[in-house]
Amino acid sequence: MRYIEPHAHMVSRVTDDYRAMTAAGCLAICEPAFWAGFDRGSSAGFHDYFRQLTEHEPRRAAKFGVPHYCWLCINPKEAEDLALARDVIALIPRFLDRPNVLGIGEIGLNKNSRNELRVLELQVDLAARHDQLILVHTPHLEDKLKGTRLILDVLRNDSRIRPDRCIIDHVEEHTVKGVLDVGFWAGLTLYPNSKCTPARAVDIVERFGPERLWMNSACDWGESIPMAVPYAALEMRQRGHSDDEVDRMIYQNPLRFLGQCPKFVLPSSRRT
Amino acid sequence: MMSRQEMLDMYFTEARAKLVDVAAFLDRVDRAEGRADFRLAAFMRAVEELGRSDGSRAERVLLCLSDPTVDPIPAATTKAACGAWAGNP
C-alpha cells in the first residue's frame, strides 16, 4: 500500500508516529499551519512557527525518508485580533518560496465571526496575489454548515480563485455536496469523535464518487489518529473496494491536487 | 458492493453498542439533577430523524444540530463548539 497524508500536524506528534506512518506506506506528509492550543502573543511567535514548519520538521521527516510539505497562514482560531492577523499575513510572503511550502492554509472560519471572515478574505487575497493553492478549514460541529456556506461565498466572490486549486477540508454529510457541486475539492477528515469516522468517510465516497475527494487524519495534539488513512483504506477493502479504488482515494487523488504545486515531488523510485 | 446482509454482518454489533450507549446516556441525563439545556432538545430532535428512511439520516441528524443562520456573528467569544446550536429552530 502507498498513501499520501495530506493533512497532519506533525509538530504535535512524536517520532514514533513518523515511524508507524512510513512503515504503513506513507510517501509524503503535508502539514497545514494551525492553532497551537493557545494564542500566540505576537507575530514573532508565528515567525518561529513558520521556521519550524519549513526548516526543522522537514529534517525530522527526512530521517524516515519521507518528504514533508507545509501550508502557511494564521489559523481562524487566532483571527479575532485583526492587528495580529495583519502582522502575520505580512510575514508569509517571505516564506512562500521555501521548497516545502505548498500554499496558503489552513485558512477558514471557526466561530463564523466578522473578524474571522475579514481575515479569511485577506488570506484568500494573499493566495490569489501569489498564485498559491488554498487549503480551507471548515468549522466544528454546529458551526460547520454555516461556516462552509460563508467560506464558499468568499471564494466564489473572488474571480481570481479557481475552485480546482482549493480544497475545502473536514466536510461531512451535510456539507460535502455543496462543496463538490461548485467545483472545489473536498477533504474527509478521519477523527474518532468528531468529523468523519472511516465508515462514514467510505459512505461518502460511495455516495458521491471518488472525484475530487481525499482523506486525511488531521492528527494534532487533540484526540486524533495518525494512522487513520491506512485504517480507512482497510475499511474500504473490507467493504469490497478494489486495490485500484483504494489507491485512487489515498494516493492518486491527493497527488493530483497537490501536484498542481510544482514543488510537490515524490521520490521517483516510490511513485509506481 | 456489499449486500445488505453483509453490511449487517460487518456493522450491526458496532451500531448496537453505540445505540445502547445513546440509551444509557439519556438515562444518565434523566437521573441527574437540575435542568437540561438546548443540547438535549436538539439531540432528541435528531433522534427522531433515525426513524425516517430516505437514505439521508446522517445529513438530517447533522442539520438538526447545526446553526441554520447565515450572517456572521459580531465577535467570537469562545473558540470551542458545543455540538448543538443554541438558537431556536
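For the range A:171-245, which GluC sites (Glu not before Pro) are both in a DSSP coil and crowded by at most 16 other Cβ atoms within 10 Å?
Details: sites: A:GLU172, A:GLU173, A:GLU206, A:GLU211, A:GLU223, A:GLU235, A:GLU245; in loops: A:GLU172, A:GLU173, A:GLU211, A:GLU223.
Passing sites in the range A:171-245 are A:GLU211, A:GLU223.
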Can you give the FRET efficiency to the nearest 0.05 for A:GLU223 and A:ALA83, using r as the Cβ-Cβ distance and R₀ = 30 Å? 0.35
In the range B:41-82, the trypsin sites (Lys or Arg not before Pro) that sit in a DSSP loop and have at most 10 other Cβ atoms within 10 Å of their own Cβ are B:ARG52
Counting partner chain Cβ atoms within 10 Å of every residue's Cβ in A:198-206, what's the average? 1
Aspartates and glutamates within cross-link reach of A:LYS111: Cα-Cα under 12 Å, excluding same-chain residues under 8 positions apart? A:GLU78, A:GLU80, A:GLU142, A:ASP143, B:ASP67, B:ASP71
Return the loop-located GluC sites (Glu not before Pro) in the range B:1-59 (DSSP other than H, G, I, E, B) with at most 15 other Cβ atoms within 10 Å of their own Cβ; answer none if there are none. B:GLU33
Cα atoms only, the range A:163-202: Rg and Dmax in Å? 10.2, 30
Using Cα-only point scatterers and the Debye equation, what is log10 of I(q)/I(0) for the protein assembly as shown at each q in 0.10, 0.12, 0.15 Å⁻¹, rounded to two decimals? -0.62, -0.91, -1.38
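Using only alpha carbon pairs under 8 Å that are at least six residues apart, calculate the relative contact order of the range A:172-272 and give it in whole percent.
Details: 102 pairs, mean separation 23.2, N = 101.
It comes to 23 percent, rounded to a whole number.
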Amide H neighbours of A:GLY108 at under 5 Å, excluding residues fewer than 5 places away on the same chain, with H built from the backbone geometry, are A:HIS137
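What's the FRET efficiency of A:GLU206 with A:ARG129 using the Cβ-Cβ distance as r and R₀ = 45 Å, to the nearest 0.05?
Values: r = 39 Å, r/R0 = 0.87.
Calculated value: 0.70.
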Can you tell me the FRET efficiency between A:ASP181 and B:GLU33 if r is taken as the Cβ-Cβ distance and R0 is 51 Å, rounded to the nearest 0.05? 0.60
Beyond 30 Å between alpha-carbons counts as too far, so tell me which of A:LYS63/A:LYS177; A:LYS144/B:LYS18; A:LYS63/A:LYS263 fall in that bin. A:LYS63/A:LYS177
When Cβ neighbours within 10 Å are restricted to other protein chains, what is their mean count per residue of peptide B:57-69? 5
Can you give me the relative contact order of chain A as a percent, contacts being Cα pairs under 8 Å and 6 or more apart? 19
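Just counting partner chain Cβ atoms within 10 Å, what average do the residues of peptide A:137-143 show around their Cβ? Provide the component values of the computation, followed by the final result.
Numbers: counts 0, 0, 2, 5, 10, 15, 8.
Mean shielding by partner chains, rounded to a whole number: 6.
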Modelled label-to-label distance, B:THR69 and A:ASP39, 7 Å Cα→beta-carbon offset: nm? 2.1
Unit-weight point scatterers at every alpha-carbon of the range A:1-95, Debye formula, q = 0.12, 0.19, 0.26 1/Å: log10 I(q)/I(0) is -0.41, -0.86, -1.33
Under a 1.4 Å probe, counting only protein heavy atoms, A:THR15 has an accessible area in Å², nearest 10, of 60
For the range A:165-178, Karplus couplings with θ = phi - 60° (6.51, -1.76, 1.60), whole Hz, Gly/Pro x: 10, 10, 10, 9, 8, 6, 6, 9, 4, 8, 10, 5, 5, x
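The values are calculated or read from the model by the stated rules, or taken from the named source; none is laboratory data. On a predicted model such as this, the values are computed, not experimentally measured, just so you know. Neighbour counts are summed over all protein chains in view; Cβ atoms, including those assigned to glycine, are modelled from backbone coordinates with ideal geometry. Heavy atoms of the whole protein, side chains included, go into the accessibility calculation; ligands, DNA and RNA do not. Shrake-Rupley method; radii C 1.70, N 1.55, O 1.52, S 1.80 Å.
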